[in-house]
Structures are given as C-alpha cells and as structure tokens.
Amino acid sequence: MRTRFAPSPTGELHLGHAYSAVLAHHAARAAGGRFLIRIDDIDGSRSREEYVAAALADLAWLGLEWDGEPICQSVRLGDYAAALGTLRAHGLVYPCFCTRADIAASLSAPHGPAGAIYPGTCRHLSEAERERRIATEPHCWRLDMTRAAARAGELQWEEAGQGIRVADPLAHGDIILARKDAPASYHLASTLDDAMMGVTHVLRGADLIASTDVHRLLQALLGLPTTLYRHHGLICGPDGKRLAKRDAAASLASLRAAGVDGRALAVDLAAGRVPAGYSLQNP
Ligand code: GLU
C-alpha cells in the first residue's frame, strides 16, 4: 500500500489537514506500506517556501514519518506538458481565450459539481482562428469533455468501505487542464503524480469526491492505473463550517504554540476524536 499527503503550500495547515495526513499515514503503516509527501506547488503566485517548511514541521510535530524526500510538483512541469500534448494529439483539448468575465456574462452557464460549467464558446473556433489567437492572447487549455468521455467509456472507482462508484465526468463540462497562469491544473497534475508515485490508495477530504470523476477519466485517457479512494469526513469549526486556511485558531502552528501535544492529537484524530469545539462531519 502506498498513500500520500499532498498539501498546497499556500497557507498554514489546520486540523482538517492533520486528520487527512494521520489517516493516510496510519493506513500505510498498518499495512506495512509507504507514506509519501507531495508538495502541490504548481501555483507559483500563491505557493510560498515558508509554508512548505511549516507543513513538514507540523507533520513531524504530529509524529508522522514519511518515506523518501517530498516530491514537488514545480519540478514536474515537463511531464504535465507531455500529458497535455498526448491529449492534444488525440484531439481532446482546445485552447480557450475566455476571461472570467466572459464566462460570468454567459447567463446560460449551468452549474456542475465545482461551480459554473464552461459554456463551450472556444470549442467552436476554427483551427485557423485558434492558431492565430494562440500566438498573441493569453489562453488556458480545456478538455473537450464530450469527446473525452466518449473515448473513455463507462468508468468506475472503488470507494473504500462503500463499494463501486460510477464516475460522472460529463457533469463537469470542459474543465481546464492547463491554466493561463500555471502549466497544469490540479486535476492533471494530481492524477499524473499519483500514478508516477505509485500511490495505491488516495485518502483525501470528502470535498474532493467530485474531482474523482475527472481523475478517473484522465487515468483512462492517459493509460494510468487507477487507485482505491477514500474520501473522509471534514472537520468543522465552532461555527459548523468546514475549516479553511483562514481559520487561524485551528492552524496546527497555533495549536502547537498553545502547548497541544501533537502526538496525542494524532492518536485522537486517528480514532475520529476532534478537539473540543470542533466536529467531524462524515460524508
Ligand atoms: N493539494 C491538494 C489540496 O490540498 C491535494 C488534494 C488531493 O489530496 O488530491 O487540496
């Protein structure tokens, strides 16, 4: 068994991250497997080196030990570009020149699991117009979801303890695979890296369950193995809302500064016990 914890170094880790890391670590250790760390730092404008160091310090404080060196997505850009090239060669991606405002102005835009579905404006551009605009206009690359889903056929994954789930990538519309400001989207980078790292079990928060529709599709399109998934419950704050990076009181750094014992916290989280005032909302 190989599991991973994949923080984005865009802020301090909080109790929800600790819960995810503890579950992934303990699952690997219980099976005599490996627990890996990946730093999801493709977003160069938001990622900060100090948050990488802080995340590793937080994990060590929890008593978690990882195998090998953490892997940074920022050194894997060539692989993401190659995968995008493969999908382009299959005619499954297209450049999109729309701004956020263009998309927001499209009143008919329906909603999918992760917000507004792209209305498909740039899908209909001619090859000549694409070539001309690529040279001068900022653009992202989108997956032509109808074609991609047709090519992949019906897809499923195994959700630990719950059985088989049918993936519904079409519900997401033409998602972005490479952004204007970053060379790969979370979906593309995460799917490729889980495969490259040999991850067998993806444990992550229930807020990401819909992403698995897309990850399963990308696995199929790129000939990657699939993994078993477990989307665990989310820790909510005193206000009943799930924790966010801005909830400073729940940051692991502030708990540590307040004298909380990290190893004891990890034991509690593994057993599904959360500190007073917080709650665990199971999916
Ligand atoms: N960097 C992602 C996050 O923090 C990882 C998500 C995942 O585990 O796939 O949300």
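The set of residues from region 189-208 being part of a helix (DSSP H, G or I), touching a strand residue (DSSP E or B) at 6+ places or on another chain (Cβ under 9 Å), within 12 Å of the ligand (Cβ to nearest atom) and in contact (Cβ under 8 Å) with a residue 40 or more places away in the chain comprises SER190, ASP193, ASP194, ALA206.
So SER190 clears everything in (1) of a type outside the set (A, V, I, L, M, F, W, C); (2) open to solvent by 30 Å² or more (accessible area, probe 1.4 Å); (3) within 29 Å of PHE5 (Cβ to Cβ) except one condition, right? Which one? In the conditions (1) of a type outside the set (A, V, I, L, M, F, W, C); (2) open to solvent by 30 Å² or more (accessible area, probe 1.4 Å); (3) within 29 Å of PHE5 (Cβ to Cβ), SER190 misses (2) alone. Go through the residues of region 76-85 one by one and say whether even a single one is in contact (Cβ under 8 Å) with a residue 12 or more places away in the chain, within 11 Å of the ligand (Cβ to nearest atom) and surrounded by 15 or more Cβ atoms within 10 Å (Cβ to Cβ). No, region 76-85 contains no residue that is in contact (Cβ under 8 Å) with a residue 12 or more places away in the chain, within 11 Å of the ligand (Cβ to nearest atom) and surrounded by 15 or more Cβ atoms within 10 Å (Cβ to Cβ). Being among the hydrophobic types (A, V, I, L, M, F, W, C), open to solvent by less than 50 Å² (accessible area, probe 1.4 Å) and more than 20 Å from ALA60 (Cβ to Cβ): is that true of ALA244 here? When the stated conditions are applied, ALA244 passes them.
So if I check each of ALA57, ALA105, which one is open to solvent by 20 Å² or more (accessible area, probe 1.4 Å), among the hydrophobic types (A, V, I, L, M, F, W, C), more than 30 Å from ARG132 (Cβ to Cβ) and away from the ligand (no atom under 16 Å from the Cβ)?
Of the residues listed, the single one that is open to solvent by 20 Å² or more (accessible area, probe 1.4 Å), among the hydrophobic types (A, V, I, L, M, F, W, C), more than 30 Å from ARG132 (Cβ to Cβ) and away from the ligand (no atom under 16 Å from the Cβ) is ALA57.
Each residue in region 1-49 was checked for being without any contact (Cβ under 8 Å) to a residue 40 or more places away in the chain, more than 11 Å from the ligand (Cβ to nearest atom) and open to solvent by 20 Å² or more (accessible area, probe 1.4 Å), and 7 of them qualify.
The values are calculated or read from the model by the stated rules, or taken from the named source; none is laboratory data. Bear in mind that the values here come from a model prediction, so they are computed numbers and not experimental data. Every residue, glycine as well, gets a Cβ built from its backbone with ideal geometry; the counts of neighbours run over all protein chains shown. Surface accessibility is based on the protein's heavy atoms, side chains included, excluding ligands, DNA and RNA. Shrake-Rupley method; radii C 1.70, N 1.55, O 1.52, S 1.80 Å.
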